[in-house]
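J.: To start, I am sharing the structure in question, which I have written as structure tokens.
Read-outs: derived from the displayed coordinates by stated rules, not from any lab. As the structure is a computational prediction, the values presented were derived from the model and not from experiment. Virtual Cβ from ideal backbone geometry, glycine too; neighbours counted across all protein chains shown.
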Amino acid sequence: MKKFSILLLAFVALLSFNACTQDDDIVFVAQPDPEGIQFSNSLQSMYTLPSGNPDNLAERFVWNEVDFEAPTTISYELQGSASETFDSYMVIGSTGNNNLGVTIGQMLELAEEAGLDNDPETDMPNTGTLYFKVRAFAGEGEGNALEEFSEVVSVNVELPEAEEEGEPAKTNLYFVGDATAAGWSNNNNNTPMFRDGENDNIFYFQGRFAGGPDVEGFKLLEMLGAWQPQWGGTDGTLGVNPGDGTDPAAFSVDNDAYYSLMVNIDDMTYTWEEIDESEATVYETIGIVGEGTSVGWPNDDNPTPDLVMTQSEFNPHIWYMEDVVLSDGPLKFRANLAWDVNWGGATFPSGEATGDDIQATAGTYDVWFNTLDGRYIFIPKEEE
């Protein structure tokens, strides 16, 4: 009887080992996603492609995620072509996410392949159609890798003819929300972010946000008086509703404190951290002077000609002035109607303080200046 029990236990152990071995031999076979892949963003009826800002974002393509039913890396490749048949194509970029931006410069490359130009002296047209599709693939995408393609979408483009082409409008981002000075009003002297002087897709802001447990936070608007395009963000990733989608989540603000925010609308990311501004100087007056202004430079006859800016009641480091008329010429910001502390800049209409004079371009502007980091922005007023 004892011998029989030992044999029985050995048999059960053998069966258990065999079962474990079979479990370890399970093989996952990647399968095509029956839902396929398709674009979900809405396209404009016409895309104007000025040559002056090739790095600016022309469109962000968005698509659904695919599921190959296997534990494998899934990547996406956005392709553009001058031909609907994709006999030749440009790889716009690859990503593990479900969206990717196309710059004006990349569309201009495709437009050149399509035989378009902006020279009114040639017979080549300045309007035409470009084509895009997205490829989803498993693993490294080489050999016999499983892959799926979206349907081809067409994009109508126009290259402004040379004599028609002017300075393209730059994107602005304004704060809105209960953590900001404007509250949830989209046209309440909303504070803007400060655009980078070299890259029009990057924006900065250092300043106070009124956060707390009962505060929803803030969002970013591109146009005063309009709720779209509207930007939000979560965990370092931006979201946007260009006007025909779902509004993104608000940026959350934990404390009533000072923060540093950087937004990159090209790669759809942002950085956010609390900062200590307790040692920063709060100035009594900030003014604008220079040949590019209506008051000129200070001199013996006119020692304090400054265009005096208004200090924000919400954040004493933010200063602004509306409807400032400028001419072509240099200007600077300075503190307390004196030269002890002054700021210039190497770029216009936005940038960061340097020792240079800011070389202004004639026009009427709303002007904002931040004494915390020396950033400035001149926002052109639209002609009525």
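J.: Would you calculate a helix-derived [θ] at 222 nm for the chain, using -39,500 (n - 2.57) for each DSSP H run of n ≥ 4 and dividing by the full residue count, to the nearest 500? Numbers along the way, then the final one.
T.: Values: 2 runs with 33 residues, N = 384.
Using -39500 (n - 2.57) per qualifying helix, the result is -3000 deg cm²/dmol.
J.: What is the sum of charges, Lys and Arg at +1 and Asp and Glu at -1, for the other residues whose Cβ falls under 13 Å from the Cβ of ASN336?
T.: Values: positive: ARG334; negative: GLU284, ASP306, ASP340.
Local charge sum for ASN336: -2.
J.: If you take every residue apart from THR347 with its C-beta less than 13 Å away from the C-beta of THR347, what net charge results, scoring Lys and Arg +1 and Asp and Glu -1?
T.: Values: positive: LYS170, ARG195, ARG375; negative: ASP196, GLU198, ASP200, GLU352, ASP356, ASP357.
Around THR347, the charge tally is -3.
J.: Right, next: Zone of ASP247 (label point 7 Å along Cα→Cβ, backbone N under 16 Å): which residues in the stretch 187-222?
T.: Residues passing the 16 Å test: 187-188, 215-222.
J.: Please report the net charge: other residues with Cβ closer than 13 Å to the Cβ of THR285, K and R +1, D and E -1. The partial results should precede the final answer.
T.: Working: positive: ARG334; negative: GLU284, ASP306, ASP340.
Net of charged neighbours comes to -2.
J.: Report the Cα centroid-to-centroid distance between the stretch 110-129 and the stretch 267-337 in angstrom, as an integer.
T.: Cα centres, the stretch 110-129 to the stretch 267-337: 44 Å.
J.: Let me ask something else. Normalised by the empirical 2.2 N^0.38 Å for globular proteins, what value does the Cα Rg of the chain take? Provide the component values of the computation, followed by the final result.
T.: On the way: Rg = 28.5 Å, N = 384, 2.2 N^0.38 = 21.1 Å.
Output field value: 1.35.
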